[in-house]
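Enquirer: Sharing a structure, written as structure tokens. Questions coming.
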Amino acid sequence: MSHNASSSTPRRVVRAVLLSLAVLGVAGVLFSTRRMLMMSAPRCMAGRWHGCYDTFNGVMLMTLVAVPLAVLVAWALASWRRAAGADSARAWRWSLAEVGMVHGTVPFLWLTMMPGLAPGVAPRRVSLVPLRDLVTMGTGGIIGNLLVFAALGFFAPMRFASLASVPRVLALGAGCSVLVEVAQYVLWLDRVSSVDDVLVNATGALLAGLASRHWWSTGAETPSDRPGPVPAPVG
């Protein structure tokens, strides 16, 4: 047996173990939150806005319901790329990354842009003192803020080699979070534009990016995955 084959076996075992742990972790989270999520099921299934699309439980439930559709879109993109001549592994990775970025980020952006109790009436609030608001977020608030750009931090460096570095993933999360906080202030949504939100959002993006580091895109994959021009026949 060659050295390369023998060294690749432990790596495959490690990947399988990590994947299994990830699946078990997701299953555990879903099992522990099933009652909370199902509280919004009747309103969501009836298409009611209030109680579904304006609540965390409802938005998360609809995000889970839409997972099969997201997988179908990723499969269609991968099939299109493979038909265009792209490498199968890269086609799947890029397609899953693109769909994952959107599917995992848009619901949290929706939640962060929901207005408070008195939009356009309550005074605009800005908190620029680091760590002052962190103690008032609570465990749920911290976890939620960590997840806002986690999907973006996880999948973006898998798709774009220009983002495949720790400082750039951190900057991506921080930059997107700053845009959200500015939008909350400008749109007068009765929400606090806080520097602590930016810090926690950026940390979540970074941690998620580090979790996907093994699959980050490389400079060799930056050219377009479209097939090159077919040479003209000779003679």
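The values are calculated or read from the model by the stated rules, or taken from the named source; none is laboratory data. Since this is a predicted model, take the numbers as computed values, not measurements. Cβ coordinates were reconstructed from backbone atoms using ideal geometry, including for glycine residues, and neighbour counts include every protein chain displayed.
Enquirer: Tell me which residues, restricted to the stretch 34-70, are over 12 Å from Pro107 (Cβ atoms) and in contact (Cβ under 8 Å) with a residue 24 or more places away in the chain.
Expert: Listed by number, the residues that qualify are Leu37, Asp54.
Enquirer: What are the residues in the stretch 157-168 that are touching a Lys or Arg at 6+ places or on another chain (Cβ under 9 Å) and assigned to a helix (DSSP H, G or I), if any?
Expert: Pro157, Met158, Arg159, Ser162, Val166, listed by residue number.
Enquirer: Here's a follow-up. For Arg81, all conditions in the list (1) at positive phi; (2) touching an Asp or Glu at 6+ places or on another chain (Cβ under 6 Å) hold save one; what is the number of the exception?
Expert: The single condition Arg81 does not satisfy is (1).
Enquirer: Cβ contacts < 6 Å: first residue without any contact (Cβ under 8 Å) to a residue 60 or more places away in the chain and closer than 21 Å to Gly58 by Cα, restricted to the stretch 95-123; second residue of a type outside the set (Phe, Trp, Tyr) and outside any helix (DSSP H, G or I), any location; separation 6+ or different chain. Result?
Expert: The qualifying pairs are Phe108/Val148.
Enquirer: Quick one: Arg168 ticks every box in (1) within 17 Å of the chain's Cα centre (by Cα); (2) crowded, with 18+ Cβ neighbours inside 10 Å except a single one, so which number is it?
Expert: (2)
Results for (1) among the basic types (Lys, Arg); (2) in contact with a Ser or Thr (Cβ under 7 Å, 6 or more places away or on another chain); (3) farther than 21 Å from Leu111 by Cα; (4) buried (at least 20 other Cβ atoms within 10 Å of the Cβ), shown as yes or no for each residue.
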site	(1), (2), (3), (4)
Pro157	no, yes, yes, yes
Ser162	no, no, yes, no
Val178	no, no, no, no
Val186	no, no, no, no
Val192	no, yes, no, no
Asn201	no, yes, no, yes
Leu206	no, no, no, yes
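Enquirer: Please work out which one of (1) polar (S, T, N, Q); (2) over 15 Å from the mean Cα position of the chain (by Cα); (3) modelled with pLDDT under 95 is the condition Ser212 fails and give its number.
Expert: Failing condition for Ser212: (2).
Enquirer: Quick one: in the stretch 57-78, of everything that is of a type outside the set (A, V, I, L, M) and in contact with a helix residue (DSSP H, G or I) (Cβ under 8 Å, 6 or more places away or on another chain), which residue is surrounded by the fewest Cβ atoms within 10 Å (Cβ to Cβ)?
Expert: It comes out as Trp75.
Enquirer: Follow-up. Can you name every residue in the stretch 126-156 that is in contact (Cβ under 8 Å) with a residue 40 or more places away in the chain, part of a helix (DSSP H, G or I) and of a type outside the set (Gly, Ala, Ser)?
Expert: Leu134, Met137, Ile142, Asn145, Leu146, Leu147, Leu152, Phe154, Phe155 - these are the residues of the stretch 126-156 that are in contact (Cβ under 8 Å) with a residue 40 or more places away in the chain, part of a helix (DSSP H, G or I) and of a type outside the set (Gly, Ala, Ser).
Enquirer: Further question on the same structure: Whether any residue in the stretch 133-144 is modelled with pLDDT of 95 or more and more than 30 Å from Ala86 (Cβ to Cβ) is what I want to check.
Expert: Among the residues of the stretch 133-144, not one is modelled with pLDDT of 95 or more and more than 30 Å from Ala86 (Cβ to Cβ), which makes the answer no.
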